[in-house]
Amino acid sequence: MNASPLEQAIAKYETALIALETALKKTDLSLSSSPVLEVLIARHSVQTVIDKNNLSSSKKLFATINRLDQRLKKQVDAINQLGKLSYWRDQLNPPENFWWWFLDSSKTPWWDRYDWLWSGLSATCLAASLSLMIDISSRFLSGGPDPFGTFAVISQTLLALLTGGSTLTKTGQEALKTLMENFRIPKIFWHEAGFSASLLLLLGLGIFHQTLLPKIADKYNSLGEKDYAAGKLSSAENKYNRALKLYPDHAKAHYNLGVFYESLQDSDRAGSSYQIAVKGGYYQAATNLSRLYILKGDENKDNYSKAISWLSISLPLAQNDPEIKYTMLTNLGWARLGQQDYVKAENHLKDAISLQNNRAPAYCLLAQVLEKENKEPSAEEQWGKCIQYANQKNPDEDTWLRLAREHLQAKGEKS
């Protein structure tokens, strides 16, 4: 006995449904559209036969159809993940009672209910990224563009435009749609994917801002040091300032800028830079800062106290740096000499000599202290050491060398 058209349609429907269920067991979310389309067309054929022949009997066949429909509805999530139903509806224009073509509206996956949230978070990430991008660009372009700064600004701008444009503009959304389809990302995850891209952009810019900017500032500072050593003062100043624009807390760049200003005899700006360097943890700057205050001691005795204060803060940090510790102790003795506190001055200077006994400053200052204490024989010995180790290229040591020779000459004339 030949099967009826309805029985044949039902058989094809069941065969297509079994093929879909089998495909789902063998694959992941990247299900191909072929088995889904075949089962929907098979169900469409069943309904067409029913409508065409005005069938209302045969309870057994309708029970079979209902059972198969229930199995089809269990696959609604997989069918929705494919994201093709709206496209097929546009092609076939089925009536609304052909429910299998409208499975995407019959049940909305829970994660799709939060698409508005992903869109809002994407916009928030893009706004934060734009703020970071503006800040980074302004730091690089301050003081005029250079090749590296221009490259950094252009690259991050292009990255931001690609990410932001793909989310906010129609053309970008179309490009993003094509990209996601090529990577077979289910449509239901497109909003989440857009948010992920925006978040990655924000994280990338954040890492660049917090981690790479200080490293780039290091590079500019090093280039500035090379220019300063080569006598290219204007270029050195520019690079120090670029380093500080990129990373305002770069303590060594503040110190180097202080050295630069001091070389121009701009002691006020030099002192300000040294102070920032010391506060930023670059304790070595305290030696230069204290010297500036000591040299101004004759103008205002409080300057000696300021020198001692900065040195007292920084000296504990230099315990493992004999050279810097020597200079700090020497400057402490120098400042105490200015305060006429000769006992403390002598102690500090002797401590300095115990660290390094082949340098002139502590001997030259100790000789002056001993003279003030009327310890002439001991003073003469220190003046001798001062002459022995003094470096005429150092302004302070050159001055003390002259004093030492005058002192010893005067002693020789008396004798």
- Task: Report the accessible area of L295, computed with a 1.4 Å probe over the heavy atoms of all protein chains in place, in Å² rounded to the nearest 10.
- Result: 90 Å²
- For region 313-415, what D do you get in µm² per second when you plug the Kirkwood radius from alpha-carbon pairs into Stokes-Einstein at 20 °C and 1.002 mPa s? 157 µm²/s
- Centroid-to-centroid separation of region 295-336 and region 381-397 [C-alpha atoms, Å]: 20 Å
- Query: Roughly what percent of Cα-Cα pairs across region 220-334 reach past 20 Å?
  - Reply: 41 percent
- Task: Answer with one residue from G194, Y255, I216: the one whose Cα lies farthest towards the positive end of the charge dipole of region 187-268, charges on Cβ with Lys, Arg +1 and Asp, Glu -1.
- Result: G194
- Task: Can you tell me how much longer the chain between L92 and L200 gets when fully stretched, taken as 0.36 nm per residue apart minus their C-alpha distance, in nm with one decimal?
- Result: 34.9 nm
- Message: Just to check I understand the Karplus step: with θ = phi - 60° and J = 6.51 cos²θ - 1.76 cosθ + 1.60, what whole-Hz values come out for region 260-265, glycine and proline as x?
- Response: 4, 5, 5, 5, 8, 6
- Note on the structure: Dipole check, region 293-394, charges on Cβ (K,R +1; D,E -1), about Cα centroid: among Q382, A335, N347 the Cα furthest to the positive pole belongs to A335
- Heavy atoms of T399 accessible to a 1.4 Å probe, total area in Å² rounded to 10: 60 Å²
- Peptides 336-344, 37-45: what's the order by average Cβ count within 10 Å, highest mean first? 37-45, 336-344
- Cα centre as origin, Lys/Arg/Asp/Glu Cβ charges: region 314-415 dipole, Debye: 20 debye
- Message: Longer than 21 Å from Cα to Cα, which of K26/K73; K252/K350; K232/K325; K350/K385; K26/K74; K252/K344 are they? Say none if no pair is.
- Response: K252/K350; K232/K325; K252/K344
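The values are calculated or read from the model by the stated rules, or taken from the named source; none is laboratory data. Computed from a predicted model, the values in this text were never measured in an experiment. Reconstructed Cβ throughout: ideal geometry from the backbone, glycine too, with neighbour counts over all protein chains shown. These accessible areas exclude ligands, DNA and RNA; they are computed on the full protein's heavy atoms, side chains included. Shrake-Rupley method; radii C 1.70, N 1.55, O 1.52, S 1.80 Å.
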